[in-house]
Amino acid sequence: MTKEPLFGKTLPQLQEIINNLGLPRFTAIQIADWLYKKGICEIEEMSNLSKRIRTILSEKYSFGLQEPVNVQVSSDGTKKYLFKAGASGFIESAFIPENKRATLCLSSQVGCKMGCLFCMTGKQGFQANLTAGEILNQIRSLPEKEVVTNLVYMGMGEPMDNLEAVMQSLEILTADWGFAWSARKITVSTIGVVPAMRHFLKNSNCHLAVSLHTPFEKERQTLMPVSRKYSIKDIFTELKKHDFSRQRRVSFEYIVFNGFNDTPRHVKELARILNGLNCRINLIRFHPIPDTSLEGTNEERLLTFKEALNAKGIITTIRASRGQDIDAACGLLSTREMKTEIEIQELKNNEQNGKA
């Protein structure tokens with residue numbers, strides 16, 4: 001029987017477990033302290049719990065951590081970690097060090113069902129949602145966990161399509177009894193799943209990043225099929241209900257395609273729809289993927305587009321491309337090929353063991 005992991009449980013969930021086991025109520029906060037504040041990996045290491053309590057917990061529960069099974073290192077210092085997820089899935093996370101800042105790009109799903117034309121994860125298809133524990137494991141089991149300064153939910157999957165687990169992970173990250181991260185150090189991305197985005201904005205103080213890529217509805221529908229259900233108008237109607245004038249930010253991710261979304265016409269329409277919204281745009285270079293006719297804009301047009309947006313009063317930056325040589329840059333995360341390689345290797349190992 002597979003034991004249920006404790007890692008990834010909220011304090012109320014731990015309190016319910018403790019109550020069901022007939023253990024003292026204060027035990028829940030002790031367990032949370034061990035799970036999220038101390039560097040242990042086993043229930044047996046929870047030294048301020050009695051031997052009896054540790055035995056009771058171990059009969060039904062595991063600690064719940066998994067080390068990465070592979071790492072690739074880019075020439076620019078970016079690292080891409082591969083983690084197992086569930087019985088047969090895999091996910092990737094990208095660790096991106098830069099000067100005094102170190103960002104970890106987290107995945108929220110095994111694959112993705114959104115089918116955006118510019119994204120390798122979408123070509124992989126959707127396999128499963130990650131649990132809150134599997135999301136947080138990407139941080140907790142990272143060798144560089146102590147130096148991470150910022151978290152972005154921009155890896156594999158659509159975070160707002162796995163809302164419950166994402167919100168649970170954010171609660172654990174920001175709670176005093178959890179990792180006690182500042183919400184200002186965490187950004188959650190979405191392509192615009194409006195009902196889930198609304199829930200996130202009401203129940204979390206973390207930053208929001210919206211994948212926009214064009215201000216025109218028909219163009220966006222060709223890039224992102226979800227736009228047929230959640231329009232640009234719907235997204236902005238919701239965003240303008242919320243206050244982004246203080247510490248909380250909303251930003252827009254904008255992959256720039258040559259001749260498709262980098263014209264003066266696009267600058268004018270972006271200025272119109274963003275009017276009255278305190279925000280910024282992150283321009284992203286397109287990283288080519290197989291079986292797509294999309295083409296990234298050249299550096300000259302990219303800079304011209306950026307300057308035109310800034311001239312309209314829209315704070316606009318160009319995101320540095322990191323980890324492209326190991327397929328860790330924006331839009332390149334996919335475990336389809338890696339999963340096949342690992343399955344082949346495991347098959348070879350089993351055959352060798354059978355002959356031994």
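Any read-out appearing in this document is the output of simple, stated calculations on the displayed coordinates, not a laboratory observation. Please read these numbers as outputs of a predicted model, since none were measured by experiment. Backbone-built Cβ (ideal geometry, glycine too); neighbour counts: all protein chains shown.
For the chain, find the longest principal axis of its Cα atoms and tell me its angle to the long axis of helix 163-174, 0 to 90°, nearest 10.
Approximately 70 degrees, to the nearest ten.
Kindly state, to the nearest 0.05, the FRET efficiency for Asn258 paired with Gln30, given R0 = 45 Å and r defined as their beta-carbon distance. Let's see the in-between values first.
Details: r = 57 Å, r/R0 = 1.27.
The calculated FRET efficiency here is 0.20.
Are there any trypsin sites (Lys or Arg not before Pro) in region 59-158 that are in a DSSP loop and have at most 15 other Cβ atoms within 10 Å? List them by number.
Details: sites: Lys60, Lys79, Lys80, Lys84, Lys100, Arg101, Lys113, Lys123, Arg140, Lys145; in loops: Lys100, Lys113.
Sites meeting the loop and neighbour criteria: Lys100, Lys113.
Under 14 Å from a point placed 7 Å out from the Cα of Val147 along the Cα-to-Cβ direction: which residues of region 96-114 have their backbone N that close?
Under cut-off, by backbone N: 96-104.
Which of the lysines could a cross-linker bridge to Lys84, judged by Cα under 20 Å and excluding same-chain residues fewer than eight apart?
Partners found: Lys3, Lys9, Lys113, Lys123, Lys145, Lys339, Lys348.
Label Asp243 and Arg280 with points 7 Å out from Cα along Cα→Cβ: what is the distance between them in nm?
Taking the simple label geometry, Asp243 and Arg280 are separated by 2.2 nm.
Could you give the length gained on full extension between Lys233 and Ile273, defined as 0.36 nm per residue of separation minus the Cα-Cα distance, in nm?
Working it through step by step, the gained length comes to 13.5 nm.
Under a cut-off of 24 Å between alpha-carbon atoms, report the lysines in cross-link reach of Lys241, not counting same-chain residues fewer than 8 places apart.
Once the sequence-local lysines are set aside, what remains near Lys241 is Lys185, Lys202, Lys229, Lys233, Lys268, Lys312.
Taking θ as phi - 60°, what are the ³J(HN,Hα) couplings along region 74-79 by the Karplus curve (6.51, -1.76, 1.60), each to the nearest whole Hz, with x for Gly and Pro?
7, 5, 9, x, 5, 10
Reachable lysines from Lys51, Cα under 16 Å, same-chain residues fewer than 8 places away excluded?
Straight-line reach from Lys51, under 16 Å: Lys60.
Using a 7 Å offset from the Cα along the Cα-to-Cβ direction at both Glu295 and Ser75, what is the distance between the two label points in nm, to one decimal?
2.5
Given points 7 Å out from each Cα along the Cα-Cβ axis, report the Arg265 to Lys51 separation in nanometres with one decimal.
Spacing of the two 7 Å Cα→Cβ label points: 7.7 nm.
Can you pull out the chymotrypsin sites (Phe, Trp or Tyr not before Pro) in region 22-103 that DSSP calls coil and that have at most 11 other Cβ atoms within 10 Å?
Here the chymotrypsin sites (Phe, Trp or Tyr not before Pro) that fit, given the DSSP loop and packing criteria, are Phe26.
Taking region 70-337 as the region of interest, what is the percent of Cα-Cα pairs per 5 angstrom bin, listed from the shortest bin to the one with the maximum distance?
The distribution over region 70-337 is 1, 6, 13, 18, 20, 19, 13, 7, 2, 0, 0, given as percents.
Would you mind pulling out the separation of the Cα centroids of region 54-93 and region 131-192, in Å?
So the separation of the two Cα centres works out to 14 Å.
Over what distance in Å are the Cα centres of region 1-36 and region 233-274 separated?
42
So which GluC sites (Glu not before Pro) in region 274-307 end up in coil per DSSP with only 16 or fewer other C-beta atoms within 10 Å?
Taking region 274-307 and a limit of 16 other Cβ atoms within 10 Å, the loop GluC sites (Glu not before Pro) found are Glu295.
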